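Before any comments, here is the structure.
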Amino acid sequence: MPSLLRPDLVWDGAAAHDGWAVGVVDGRVAAVGPESDVARILGPGVATRRLDGRALLAAPVNAHSHAFQRAIRGRTQWRPAGDDVSDFWTWREEMYEVAASLEPEDLFRISRACFAEMRAAGWGSVGEFHYLHRTPDGRRYDDPVLLSHVVIEAAREVGLPICLLYAVYATAGVAGDPVEPRQRRFRTDSVDEALSNIEILRSRWAHDPGVDVGLAPHSIRAVPAAWWGELADAAETLDLPLHAHVSEQRAEVEACLALRGKRPVEWLADLGVLSERFTAIHATHVTAGEVGLLAEAGARVCACPSTERDLGDGVFPGDRFHDAGVPICLGSDSQTLLDPWEELRLPEYHLRLVHERRVVMGETDGDRVRWAPQALRAATAVGGDALRTGGGRLEPGAPAWLVSVDLEHPVFEGGRPSEFAELLAVAGRAGLAEPLS
Ligand SMILES: [Zn+2]
């Protein structure tokens, strides 16, 4: 039966509205607007659900996650005594160790726990960048997509819609060296192997509106030059989102310059990878020219600021993307913490510390520049665009993946409805928003 949801406040991505309702039919948003309009559009035979004291908005979209990395959250917060450093590369050793040890049932258990924490924190759907494909000794499972399947099952068991971004991983380093023994679980032998596995996943999960599939060439370190064009074409033909890690580390940029004479984004542009379906994950170390190439192609970037600060990657240059009109989405990546509101404020807050000023990124609203509405859209609509699921939007036709927020929580004490986005952006915390089921 169609339902009419009637909270105290509706955040539609632009403003907080009093007296509005949301109509839901068959799991999709059918109407958003003043209650009488929504009631008229839905017609008779509607179940009205009052959400007193609550605000309703599109659920935050976690556009970049590696669920199994949740297992090493507490294990990597140290460095060797003496002069040795701890950085992304030393963290990666720990990650490889856990990746090598997981049996399918371990992967299911860890993923389920991670997705349950993610959902409870307020994330309402996830883009799972999944690169564990083979047995610990590098053989194919009888079911070639067993581990992808396990991760999808884990998300579905806790009620979290998932876009499984099937990762392609074939080399160790920009020079195209063969994968190392500890990377053999990630290995894909050919573009055809990846596409055939994606087809299996798509048909196996076609019945479930909470499961989507995408394509994720892991990085320029892990995918040979000759494969990129073919993968980008396949994403176009099959209408898949295309995601890749790009320039998270200076070492990757230097290796690319040394071997290709180009920076990573320049090289990907030459290979025909950049388009409106492409999302560059991290994009931490980029030049103005690279920002311009992403903007020109209509591509997006995904910041994972809690992970980037944990790994010491560098500050996400959100202001440069913002000024060039490149949309920014967000991801929890290594699961150092799970909190959509923390993730959405960090890009702005990190830049305040760098530039010693406030409201670095924002949009003009009358005589003010506000940063919070845009940060909320980064956590919702832009993430949905990156995964091509339609999630993160409160508009007719979008999946009804919604969260409600308790307006009686101390976070909102003394605030005005017009400050809803600001209060959520500066003081929101994990658990404040609850998925609507
Ligand atoms: Zn990642």
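The values are calculated or read from the model by the stated rules, or taken from the named source; none is laboratory data. Being a predicted model, the structure only gives us computed values, none of them experimental. Virtual Cβ from ideal backbone geometry, glycine too; neighbours counted across all protein chains shown. Accessible surface is based on the protein model in full, side chains and every heavy atom, while ligands, DNA and RNA are left aside. Shrake-Rupley method; radii C 1.70, N 1.55, O 1.52, S 1.80 Å.
Only helices at least 18 Å long along their own axis, judged from Cα atoms, and with Kyte-Doolittle mean hydropathy of -1.0 or greater: name those in the chain from DSSP H.
Those that clear 18 Å and a mean of -1.0 are 88-101, 104-121, 191-204, 225-238, 340-355.
For residue 41, what accessible surface area do you get with a 1.4 Å probe? Give it in Å², rounded to 10.
Accessible area, nearest 10 Å²: 110 Å².
Rank by packing, highest mean first: peptides 161-169, 11-19, 306-314, with packing defined as the count of other Cβ atoms within 10 Å averaged across residues.
The packing order, highest mean first, is 161-169, 306-314, 11-19.
Is there a quick way to get the dipole size of the stretch 61-387? I mean about its Cα centre, with the Cβ of Lys and Arg at +1 and of Asp and Glu at -1; what is the value in debye to the nearest 20?
With Lys and Arg at +1 and Asp and Glu at -1, about 440 debye.
As I understand it, the dipole of the chain uses +1 on the Cβ of Lys and Arg and -1 on the Cβ of Asp and Glu, about the Cα centre. Which of 206, 229, 278 lies farthest toward its positive end?
So the residue we want is 206.
Cα extents of the chain along the three principal axes, largest first, in whole Å?
Computed over the chain, the largest-to-smallest principal extents equal 63, 52, 43 Å.
Can you pull out the trypsin sites (Lys or Arg not before Pro) in the stretch 15-90 whose DSSP state is coil and whose Cβ has at most 14 other Cβ atoms within 10 Å?
75
Separation of the stretch 311-387 and the stretch 1-78 by C-alpha centroid, Å?
The distance from the Cα centre of the stretch 311-387 to that of the stretch 1-78 comes to 22 Å.
List the residues, sorted by chain then number, that are 5 or more residues from residue 127 or on another chain and whose placed amide H is less than 5 Å from its amide H.
It is 62, 63, 64, 65, 163, by chain and number.
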